[in-house]
Amino acid sequence: MKSVIFDTDIGIDDAMALLFLHRAEGVRIAAITTRFGNASVEDTTRNALAVAEQFGIDAPVYRGAAGPLAQRLGEGFPEHVHGKNGLGNIRLNAPSSRPRPLSAHEAIVDLADMLDEKLSIIAVGGLTNVALALELEPALCERIADLIVMGGAFGYNGHRGNVSPVAEANIASDPLAADIVFRSGIPTTVVGLDVTHEVELGEKAVDRLAEDAGSVGRFIKESSKHYFEFHRSITGNYACPLHDACAVAYCLRPDLFQTIAQSVRVVTDGIAIGQTIHGDNLREYVSDAWDELPENTICTAVDSQAVLDLFLSTLASRR
Ligand code: BDR
Ligand code: CA
């Protein structure tokens with residue numbers, strides 16, 4: 001059984017990913033850690049508690065970063081994408097539980113220390129909490145089995161940035177944190193827009209979920225209306241990419257993805273702030289910015305239909 005921390009700025013597609021993880025076999029959610037991003041950290045923490053309570057996810061919730069380590073791209077929260085409350089403006093029951101007293105990064109360090117087995121982290125918001133955990137405990141790298149990050153865009157399959165021509169939203173929300181984490185030596189897989197834009201949830205599939213996956217399916221259909229409308233305004237299709245669920249899919253079935261191993265850095269200021277760039281380890285560069293970096297795993301292609309089927313069948317599997 002794999003123990004996983006789900007680090008999230010929960011958000012509409014984050015909630016789908018959390019429910020997917022919850023229903024998956026062979027994984028245990030050790031904790032949910034929150035941060036700002038799709039909404040304020042107050043709202044994302046409330047969303048995490050509310051979703052966990054509503055669907056019986058028995059995992060402690062730890063509140064994390066309210067802002068980035070340094071400069072980020074943009075300000076405020078993307079209400080046009082995730083709604084004012086981060087969950088598509090649906091009515092949420094006020095959670096009766098509260099976040100645990102430790103902050104998210106302290107909880108990551110403690111859990112990594114306490115558990116017998118090495119911990120996995122799935123991070124589907126920016127990387128502020130993980131960077132703070134590394135600052136608190138630099139030896140954390142040795143206690144993490146793997147970190148799977150939804151974030152970034154390298155241009156594979158024609159997919160570039162979604163908040164600037166080159167930057168993806170999670171990475172752009174804290175570029176320095178991402179650069180620190182990618183250079184840290186934690187075994188990291190980057191699941192970027194290169195592959196997440198290849199996996200779409202369409203209207204028929206979400207209707208099927210509402211029928212086959214009980215209250216979880218109905219919740220996903222209801223909360224994703226706002227998200228579908230946002231994507232329709234861009235693409236003309238009533239459908240949305242399964243960004244964060246792709247990170248969960250990688251955790252469950254890495255064989256559904258094609259990958260390369262390269263170092264990754266993030267641009268931390270200027271017009272390309274938030275851009276993720278991977279090196280080419282066969283070259284020697286003049287720039288010393290690429291010296292002695294660990295390799296990360298980067299997803300470059302995906303079996304889209306298989307990931308969508310895994311998502312739908314897992315959600316419908318236990319009602
Ligand atoms: C990422 O940004 C957020 O809007 C989504 O939840 C996802 O994690 C996609 O760029
Ligand atoms: Ca997210």
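Values quoted throughout were computed directly from the atomic coordinates according to the rules given, and no laboratory measurement underlies them. Not measured: the values here are computed from a predicted model. No Cβ is skipped: glycine too gets one built from the backbone with ideal geometry, and neighbour counts run over all protein chains shown.
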Placed amide H near Ile121: partners under 5 Å, 5+ positions off or other chain: Ile5, Asp146, Leu147, Ile148
Estimated FRET transfer efficiency (Ile271, Ala139; beta-carbon r; R0 51 Å; 0.05): 0.90
Once a ≥ b ≥ c are taken as the square roots of the eigenvalues of the Cα gyration tensor of the chain, is the result rounded (a/c under 1.5), prolate (a/b larger than b/c) or oblate (a/b not larger than b/c)? rounded
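Can you tell me the dipole magnitude for the chain around its Cα centre, using point charges on the Cβ only (Lys, Arg +1; Asp, Glu -1), in Debye to the nearest 20? Before the final figure, lay out the partial values.
On the way: 26 positive and 43 negative charges, 213 e Å.
Once rounded to the nearest 20, the dipole reads 1020 debye.
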Any helix of the chain counts here only if DSSP assigns it H throughout, its Cα atoms span 18 Å or more along the axis, and its mean Kyte-Doolittle hydropathy is at least -0.5, and such helices are 41-54, 304-317
For Thr33, enumerate residues with amide H under 5 Å from its amide H, sequence gap 5+ or separate chain, H modeled in the peptide plane. Phe6, Asp7, Thr8, Tyr62
What are the residues whose amide H is under 5 Å from the amide H of Arg28, where those residues sit 5 or more places off or on another chain and H is modelled from the backbone? Lys2, Ser3, Val4
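Provide the three semi-axes, in whole Å and in decreasing order, of the ellipsoid equivalent to the stretch 210-277 as defined by the square roots of 5 times the Cα gyration tensor eigenvalues.
Details: eigenvalues 180, 84, 22 Å².
Equivalent ellipsoid of the stretch 210-277: 30, 20, 10 Å, largest first.
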Running a GNM on the chain with Cα contacts under 10 Å, which residue among Asn89, Asn47, Asn170 ends up with the highest mean-square fluctuation? Asn89
Would you count, across the stretch 2-315, every pair of lysines whose alpha carbons are under 14 angstrom apart, provided the pair is eight or more residues apart or spans two chains? 4
The stretch 162-319: C-alpha gyration tensor shape, a/c 1.5 cut-off, then a/b vs b/c: prolate
With R₀ set to 51 angstrom, the calculated FRET efficiency between the beta-carbons of Val286 and Asp212, to the nearest 0.05, is 0.35
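For the stretch 217-319, which chymotrypsin sites (Phe, Trp or Tyr not before Pro) are both in a DSSP coil and crowded by at most 10 other Cβ atoms within 10 Å? Mind dumping the intermediate values first?
Numbers: sites: Phe219, Tyr227, Phe228, Phe230, Tyr238, Tyr250, Phe257, Tyr285, Trp290, Phe311; in loops: Tyr238, Tyr285.
Of the chymotrypsin sites (Phe, Trp or Tyr not before Pro), the ones in loops of the stretch 217-319 whose Cβ has at most 10 other Cβ atoms within 10 Å are Tyr285.
Can you give the FRET efficiency for Glu79 and Ala261, using 1/(1 + (r/R0)^6), R0 = 51 Å, r = Cβ-Cβ distance, to the nearest 0.05?
The computed FRET efficiency comes out at 0.85.
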